[in-house]
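Asker: Provided herewith is a single structure, encoded as structure tokens, for subsequent inquiry.
The values are calculated or read from the model by the stated rules, or taken from the named source; none is laboratory data. Worth saying up front: this structure is predicted, and the values here are computed from it rather than measured. FYI the Cβ positions are ideal-geometry reconstructions off the backbone, even for glycines, and counts take in every protein chain you see.
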Amino acid sequence: MSRRVKNRDGQPRIAVDSEVVRQIRQHARSCAKTEVCGVLIGDDEEERVSIHACIAGLNAAQAGTHVTFTQDTWEHIYKTKDAKYPDSRIVGWYHSHPGFGVFLSDHDTFIHKNFFSSPLQVAWVYDPHSDEEGCFGWAGERLERLSEVRIRDARGGEGAGETGKPEPVGMQDEGDQQEAVAESIGPEERGLWLRIAANVLIYILVLAVGFMACWTFFPRRSIYIFDPQTGYVYEPAPDGKHLELVPGLRVSPEALPAAGQPSFEPGSDTHAAAGGSEKEHGETKPSSTGSASGKEKNGPR
């Protein structure tokens with residue numbers, strides 16, 4: 001015959017293994033929209049009720065806001081208990097309240113009074129949305145939430161460094177590193193850096209537009225090279241390494257302006273000042289005001 005163990009409030013003393021709590025949470029989170037259920041397996045010890053295992057209630061009737069143990073559910077529970085826990089007993093049950101909070105509804109109270117009416121049987125309720133949980137039990141003739149529940153680690157007392165497991169090696173990908181860096185920078189610092197980057201981009205854009213405008217609308221000075229022996233005029237080639245002959249342009253050495261006089265501009269078809277020349281059919285001939293030597297050199301023979 002089991003021994004009733006009560007605390008000062010008349011509530012039963014409950015000790016549950018942490019692995020049982022983990023399995024209940026995992027089962028509840030697997031169905032976040034509907035309720036799930038199962039039973040608690042344990043023993044009556046000298047000073048407390050110990051819960052060391054649980055069995056999920058398969059094939060239970062789920063209706064969203066409540067769950068019911070069916071005949072198939074009980075068959076699965078008893079079959080599993082006889083196979084895995086033959087020396088233990090059912091000390092209570094558990095079910096989930098997805099988004100409802102931790103309490104016992106009228107339907108839950110009906111199940112507990114009809115299927116778990118023993119003074120030491122309890123009801124564990126877990127809400128997977130809020131991660132809240134609680135345990136309900138008998139305090140005399142009244143079913144209430146227990147104020148003291150001890151959760152113990154079955155592997156407690158294991159020596160450090162005696163598991164034989166190597167240190168896990170984890171690699172943080174680039175995305176996680178960027179998120180960590182972004183989280184370390186406050187909103188004020190991020191705003192300051194954004195303003196600086198925007199100003200730099202604006203300055204670069206203004207300089208680029210100004211350069212293109214100057215290149216398009218303002219004239220560019222061309223460089224011409226004159227050969228005094230032949231009178232031909234050359235200009236740099238596009239590659240910048242050779243000279244190209246300017247077609248249709250030839251200047252006589254006598255047509256060059258004297259020192260201190262205006263210089264000759266290539267392509268001009270007017271008379272050059274102070275001993276200029278006339279451009280005719282690609283050749284430059286001296287004008288009538290030229291020197292005698294020029295006449296003898298360029299006159300008909």
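Asker: Enumerate the pairs (first residue in segment 68-94 and at positive phi; second residue anywhere and buried (at least 16 other Cβ atoms within 10 Å of the Cβ) and not in a helix (DSSP H, G or I)) with beta-carbon separation below 7 Å, excluding pairs fewer than 6 apart on the same chain, so at least 6 apart or on different chains.
Answerer: Cβ pairs passing all conditions: G92/L40; G92/F116; G92/Q121; G92/V122; G92/A123; G92/W124.
Asker: Quick check on R152: is it at pLDDT 85 or above, among the basic types (K, R) and closer than 27 Å to I90 by Cα?
Answerer: Spelling it out, R152 is indeed at pLDDT 85 or above, among the basic types (K, R) and closer than 27 Å to I90 by Cα.
Asker: Still on this structure: Does any residue in segment 12-36 that is at pLDDT 90 or above come within less than 7 Å, Cβ to Cβ, of a residue that is assigned to a strand (DSSP E or B) and of a type in the set (D, E, K, R) six or more places away or on a different chain, and which pairs are these?
Answerer: I14/R150; A15/R150; A15/R152; D17/R152; S18/R152
Asker: Turning to a different aspect of this structure: Residues being among the aromatic types (F, W, Y) and either loosely packed, with under 10 Cβ neighbours inside 10 Å or closer than 10 Å to Q11 by Cα (or both): count how many of those fall in segment 121-162.
Answerer: Going through segment 121-162 one residue at a time, the tally reaches 2.
Asker: Can you spot a residue in segment 86-95 that is surrounded by fewer than 15 Cβ atoms within 10 Å (Cβ to Cβ), small (G, A, S) and in the same structural domain as C37 (by TED's automatic domain parsing)?
Answerer: no
Asker: Of the numbered conditions (1) part of a strand (DSSP E or B); (2) among the small types (G, A, S); (3) more than 18 Å from S118 (Cβ to Cβ), S50 fails exactly one; give the number of that condition.
Answerer: Of the numbered conditions (1) part of a strand (DSSP E or B); (2) among the small types (G, A, S); (3) more than 18 Å from S118 (Cβ to Cβ), the odd one out for S50 is (3).
Asker: A further question follows. Just checking, how many residues over segment 100-120 are assigned to a helix (DSSP H, G or I), touching a strand residue (DSSP E or B) at 6+ places or on another chain (Cβ under 7 Å) and surrounded by fewer than 13 Cβ atoms within 10 Å (Cβ to Cβ)?
Answerer: Final tally of qualifying residues: 0.
Asker: Next question, about the same structure. Return the total of residues in segment 55-67 being on the phi < 0 side of the Ramachandran plot and assigned to a loop (DSSP other than H, G, I, E, B).
Answerer: Counting residues in segment 55-67 that are on the phi < 0 side of the Ramachandran plot and assigned to a loop (DSSP other than H, G, I, E, B) gives 6.
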